[in-house]
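Here's the structure, in structure tokens; my notes come after.
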Amino acid sequence: MRNGGTALRFLLVTAGVVTYGYWATGRPPFGASAYVAVGIPIALVAAAALVGRGRSTPQPTPVLVTVRSAWPWLLIGGLMVGLEIVGLALGGRSAAVPTLSTVVDHALAWHLGRLLLFAGWLLVGWTLVGVHRPERQ
């Protein structure tokens, strides 16, 4: 039953994040509702951090990041920088080699594109923060 509860919790959290993301990415940029949409998750995370501060839970083992383990990210980052440099060298208006900002601008034109970028941003942030539960013995 424990695995069923974990799967249900995962589905509920995912549905909540997608629903919130859909609402948040539909706000007009730089408006009051956009600032509220950004402020709500910040307030929730800050509150969770303050509440969790008093608990004596085992800390996760830090993950050692080496060049060998990070090479895929370094390769992707290098390709992104290279594409940006080539695009800017071509004047920034090349149809064949667009800059990353041009690609992102096109993706942000659609609500679904904004939602997917928002979800990807959250996933990358979750991964980089390294929120992992310690393994139980």
Per residue value of the accessible surface for the range 1-48 (all protein chains in place, 1.4 Å probe), Å²: 78 Å²
Förster radius 30 Å - calculated FRET efficiency between residue 50 and residue 83, Cβ distance, rounded to 0.05: 0.15
Segment residue 40-residue 73, extension gain: residue separation times 0.36 nm, minus the distance between their alpha carbons: 8.9 nm
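The values are calculated or read from the model by the stated rules, or taken from the named source; none is laboratory data. No experiment lies behind these values; they were computed from the predicted model shown. All Cβ positions, glycine included, derive from the backbone under ideal geometry; neighbour counts span all protein chains shown. Heads up: the accessible areas ignore ligands, DNA and RNA and are worked out on the full protein's heavy atoms, side chains in. Shrake-Rupley method; radii C 1.70, N 1.55, O 1.52, S 1.80 Å.
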